[in-house]
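Report on one structure; see the data block that follows.
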Amino acid sequence: MSKKRPVAIALAGALCLVTAACADSSTDQDGASGDKASAAAAKSGYPVTLENCGESDKFTKEPSRVVVMNGASVAEVSTLLALGVQDKIVANQQSYGMSEVSGRAAAIKALPTGDVKLNDAYDIPREAMIGLRPDLVLSTTAYGFDEKNGFATREQLKQVGAHTYVSPQGCDQDTTKMTIADSYTLLRDMGKIFDKSAQAEKLIAASEKHIADVSAKVNGEKQPKVMVLFSNMVMGGNDFSSVVAKGIYNDILAKAGGSNAFENASKTSFADLSKEKVAATDVDALVVIGYNDPNPAAYAKKLLKEFPQWPAAKNNTYVALSDSMYLGPSNDLAVAKVAEMLHPDKF
């Protein structure tokens, strides 16, 4: 998502002010010999070296003090939850407030926030970040490590012993080329970092199979034109400034047997559209993404009422989703739900 998004949204503050334990996982509790320690390291798969945004980062052990920056995302925290390493998180600022995965929203809400006073971008400023004593910091895009925005840089974090990671397509803050494959890259990378590669590959294989099964059912069908937007969100100057133009959403739509009605409305990830432009476009179906909005379905119904000329309004064709439409481990659920909306006779 664009770097302006977090500034535009007042996130509901999580009141989960839990201080994480400060145990050092590298401490050799039983006084094992160097040979035993080396054997354990070899068995665990460390060291692991990742190339990330032009930087090479070597991990010699599993991170134990992980900070997840906001970035108007839930990709990173959801990936850690899917891999079962949430106990390594000392501060998480990500939340959509809802999820297609049962129990995930509650699990995210239960995570520690680090009791940090956030900056104007609803994220963790430099001094607070250093004070958390992280050994791994995750950011959706390079924005989260930009000194101009008051954040700790990757170099500053390296100096205090913290690894850093920018998620796929986030290095240049341009997410227009993001696809479902990037969600798998994120899973694989976190699997390597946390010695959970087997589990990551199992999750990826299951997702690929689910998507392939859904796509096979809708293959060859007419592709309805879909409007994808975030509910009750203002990101620009027009009435419709959170309309999706490019990015992972279009890959999801294509695999679900649909197409983006506004793909050519902007060269960036989001289009900033007037009401007139929206009214003049044939919208066959609506996908509303809830980002800390308790009732995105109500927003969808309001839009269908506002534009009765849309085929979507005449047929009441909409679905309200949240985290599965964005980068993360659950894109297969979005593909399935959108496909069922667009081609109900095939399911």
Starting from the Kirkwood radius over alpha-carbon pairs of the range 191-251, derive D by Stokes-Einstein at 37 °C in a medium of 0.692 mPa s and give it in µm² s⁻¹. 216
Just to check, using Stokes-Einstein with a Kirkwood Rh over alpha carbon pairs, what's the diffusion coefficient of the range 90-210 at 25 °C and 0.890 mPa s in µm²/s? 154
Counting only protein heavy atoms and a 1.4 Å probe, tell me what percentage of the chain's accessible area is made up of carbon and sulfur. 50
Need one number: % antiparallel among DSSP beta bridges in the range 38-112, to the nearest 5. 60
Students often forget the sequence filter, so: which lysines lie under 29 Å Cα-Cα from Lys346 once same-chain residues fewer than 8 apart are removed? Lys202, Lys209, Lys217, Lys222, Lys225, Lys246, Lys255, Lys301, Lys302, Lys305, Lys314, Lys337
Given backbone amide H placed at 1.01 Å from N, residues whose amide H is under 5 Å from that of Asn52, ignoring those fewer than 5 places away on the same chain, are Asp57
Please report the base-10 log of the normalised intensity I(q)/I(0) for the range 127-188, using a Debye sum with one equal scatterer per alpha carbon and no solvent, at each q in 0.12, 0.14, 0.16, 0.22 (1/Å). -0.32, -0.42, -0.54, -0.87
In square nanometres, what is the average projected area of the Cα convex hull of the chain? 17.8
Under 5 Å between amide H atoms, partner at least 5 residues away or on a different chain: which partners does Leu111 have, H built in plane at 1.01 Å? none
Can you show me the helix-derived [θ] at 222 nm for the chain, built from DSSP H runs with n ≥ 4 at -39,500 (n - 2.57) apiece and divided by the number of residues, rounded to the nearest 500. -9500 deg cm²/dmol
Read phi for every residue in the range 220-233 and hand back ³J(HN,Hα) as whole Hz from Karplus 6.51 cos²θ - 1.76 cosθ + 1.60, θ = phi - 60°, with x for Gly and Pro. x, 6, 4, 9, x, 8, 10, 9, 10, 7, 8, 6, 6, 10
Please list the non-local residues whose amide H lies under 5 Å from the amide H of Asn260, H modeled 1.01 Å from N, same-chain partners needing a gap of 5 or more. Val226
Listed peptides 265-274, 286-295 by packing density, highest first (mean Cβ within 10 Å): 286-295, 265-274
Kindly work out what percent of the DSSP beta bridges joining two residues of the chain are antiparallel, to the nearest 5. 30
What shape does the range 232-346 take by its C-alpha gyration tensor, where a ≥ b ≥ c are the square roots of the eigenvalues and a/c under 1.5 counts as rounded, a/b above b/c as prolate, and the rest as oblate? rounded
As an exercise, take the mean of 1/r over every pair of distinct alpha carbons in the range 159-230, invert it, and state the Kirkwood radius in angstroms. 15.1
Simple Cβ-charge dipole of the range 77-123, Lys/Arg +1 and Asp/Glu -1, about Cα centre, in debye nearest 20: 120
Would you please put 87-95, 47-55 in order of how densely packed they are, using the mean number of other Cβ atoms within 10 angstrom per residue and starting with the highest? 87-95, 47-55
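The values are calculated or read from the model by the stated rules, or taken from the named source; none is laboratory data. On a predicted model such as this, the values are computed, not experimentally measured, just so you know. All Cβ positions, even for glycine, are placed from backbone atoms using ideal geometry, and neighbour counts span all protein chains on display. Just the protein is used for accessible areas: all its heavy atoms, side chains included, with ligands, DNA and RNA removed. Shrake-Rupley method; radii C 1.70, N 1.55, O 1.52, S 1.80 Å.
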